[in-house]
1. Accessible area, 1.4 Å probe, largest first: how do A:PHE239, A:PHE75, A:PHE275 sort?
2. Which residue, chosen from B:THR173, B:LEU196, A:MET1, occupies the Cα position most advanced towards the positive end of the dipole of the protein assembly as shown, where the dipole is computed from +1 (Lys, Arg) and -1 (Asp, Glu) charges on Cβ about the Cα centre?
3. Using every alpha carbon pair in region A:18-217, what percent of pairs falls into each 5 Å bin from 0 up to the bin containing the largest distance?
4. With a sphere of radius 15 Å drawn around the Cβ of A:VAL54, what net charge do the other residues whose Cβ falls strictly inside it have (Lys, Arg +1; Asp, Glu -1)?
5. Counting only the heavy atoms of the protein chains, how much of A:SER254 is accessible to a 1.4 Å probe, in Å² to the nearest 10?
6. Long-range amide H contacts for B:LEU80: which residues qualify at under 5 Å (H placed 1.01 Å from N, peptide plane, sequence gap of 5 or more or a different chain)?
7. How fast does the protein assembly as shown diffuse by Stokes-Einstein, in µm²/s, taking the Kirkwood radius from C-alpha pairs at 25 °C and 0.890 mPa s?
8. Could you state the accessible area per residue of the protein assembly as shown in Å², with a 1.4 Å probe and every protein chain left in place?
Amino acid sequence: MPKEILLQAAVQGLQMGAIYALIALSMTLVFSVGGLLNFAHGDFMALAMYGAMVDYEAFKIDAYAIAPIMFALFFLLGVLLFRRVVQPVLAAGVLAGAQLTLGLVFVQENLILVLFGGDYVNVPTVLSNRNLVVPPLVMPWPLLVGSAFAAVLAIALYVVLMRTDFGRQIRAIAQNRDAAALMGIRIGRIQAIAFGVGIGLLGFTGPVIVAQFTLMPTMGLDLTLIALIVMVTGGLGNFLGSMIGGLIIGVAESLGSLFYGGTVGAMIPYAILVFVLLFRPHGLLGEH
Amino acid sequence: MLEVSGLVAGYGRITILREVELRVDQGELVALLGVNGAGKTTLMKTIAGLLPSTAGRISFGNVELTGQGTERTVEAGIVLVPEGRMVFPRMTVRENLLLGGVHPRPRPRRDATLRRVLDLFPLLAERRDQKAATMSGGEQQMLAIARGLMAEPKLLILDEPSLGLAPLMVQETYAALRRLNAEGLTILLAEQNVKLSLAASTRGYVMENGRIVLTGVSSELAHNPLTRKAYLGRL
């Protein structure tokens with residue numbers, strides 16, 4: 001196999017990996033404050049992509065321009081959802097919370113189906129069908145820009161989590177909730193904001209990667225599945241692990257489909273997951 | 001300063017505290033004695049706002065704390081150093097301390113408080129970038145106390161600070177508490193170690209089956225046969 005093709009696939013894998021990393025990191029953020037695995041995580045992103053579609057069809061505003069507004073909208077949606085729905089259900093236990101998010105999957109996917117139909121949709125942007133050629137690499141602009149946004153956001157979020165009072169409070173709640181309460185930390189408030197930021201990031205990322213995806217109502221669950229593989233590979237609840245895991249799974253998927261074709265290649269991330277768990281049952285950076 | 005009257009509390013339908021009366025005055029070091037299961041931890045958690053009460057009152061100075069959460073308790077100046085230390089295991093000593101002062105009341109003076117606390121516990125200054133989980137029980141206890149001090153408490157409540165510690169660390173922990181008390185910090189201390197806590201305190205309460213059964217000056221409690229009865233179940 002020529003080296004150029006291998007390099008091309010690796011770079012493309014890293015770029016997809018950055019996007020996976022951000023999805024997994026925001027899912028880890030939601031997970032860390034309430035112990036809630038949000039199975040509807042990918043569907044929020046799908047919803048954001050359909051939002052970009054509506055925006056384009058109605059106002060002809062480019063998806064990239066709408067991203068900050070979508071962040072704000074999804075942040076509010078996340079906070080509201082946490083306060084009104086998730087928090088009361090979580091009080092009944094994490095299992096009830098998981099069932100709730102599974103329910104949200106169906107609600108969102110069917111909402112999309114009802115509103116927009118079941119056809120495949122592509123949303124054009126200013127960057128659609130353009131490539132950046134840096135011999136020997138040919139990189140589609142939508143993926144390049146989308147992954148750059150994802151990488152910057154993921155790193156920014158990581159820095160916030162590790163270096164700020166807000167981030168420390170989130171980690172404190174994740175590590176010992178009662179002790180966090182004894183510091184006078186307003187647990188519910190921090191949880192709601194964390195949930196809002198997690199969903200808000202999906203609201204931002206959806207539009208900036210929309211040109212790279214073909215939209216369909218059930219795409220959200222696929223994204224959630226990838227994010228779950230990433231989270232478990234990197235170590236459930238570990239922020240750095242989610243980012244590293246994202247890159248690993250992105251590259252594995254890309255090289256897998258290069259070597260073995262689409263069907264077998266799509267299994268490679270799962271193979272990696274099994275392989276990692278065999279040797280490190282808590283994931284690459286998992287503790288306990 | 002702290003006034004607890006007729007306090008009834010517990011977990012769900014299980015009542016643990018039965019009309020507890022307790023008072024701590026400014027500058028005191030008060031010991032709360034009792035066997036395992038007497039209700040000491042429940043009482044402290046309820047005062048700190050971690051557990052709701054079903055009847056009775058908790059007030060601090062002129063602040064009404066009944067039915068308020070931990071956020072309000074810390075605001076008022078009550079800080080609980082919980083049983084089992086509960087440090088944040090995957091964070092460094094420094095991060096643990098910063099979190100101790102994260103509440104909006106002490107937050108503006110946090111850098112200065114951190115320096116003072118590290119002066120008080122030089123060992124923590126040496127270990128400031130070490131993960132809390134990698135420290136010994138005694139070091140973690142010190143960290144837990146230091147973290148509590150970061151919130152600038154007016155009343156520091158400690159639940160079993162000597163539990164599971166090596167004798168030397170117990171001595172050191174108590175020396176630190178006496179020093180803090182001498183500097184003016186009011187302390188309420190729950191202990192199973194009667195000898196130690198009565199030696200350190202000015203007054204004491206003895207708890208049994210969720211009730212205060214005996215109270216008095218520590219030196220008298222130490223010689224009161226009822227104190228021994230509360231521990232041994234017989235004279």
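1. Numbers: A:PHE239 15, A:PHE75 60, A:PHE275 130 Å².
So the residues, ranked largest to smallest area, are A:PHE275, A:PHE75, A:PHE239.
2. About the Cα centre, the residue reaching furthest to the positive side is B:LEU196.
3. With a bin width of 5 Å, the distribution comes to 1, 8, 15, 19, 18, 15, 11, 7, 4, 2, 1, 0.
4. Numbers: positive: A:LYS60; negative: A:ASP55, A:GLU57, A:ASP62, A:ASP119.
Value of the local net charge: -3.
5. A:SER254 has an accessible surface of roughly 20 Å² with all protein chains in place.
6. For B:LEU80, whose amide H was placed from the backbone, the distant partners under 5 Å are B:ILE157.
7. Details: Rh = 25.7 Å.
Reported coefficient: 96 µm²/s.
8. So the protein assembly as shown comes to 43 Å² accessible per residue, rounded to a whole number.
The values are calculated or read from the model by the stated rules, or taken from the named source; none is laboratory data. Since this is a predicted model, take the numbers as computed values, not measurements. We place every Cβ from the backbone using ideal geometry, glycine too, and count neighbours over all the protein chains shown. When the accessible area is computed, the model is the full protein with side chains, heavy atoms only, and any ligands, DNA or RNA have been set aside. Shrake-Rupley method; radii C 1.70, N 1.55, O 1.52, S 1.80 Å.
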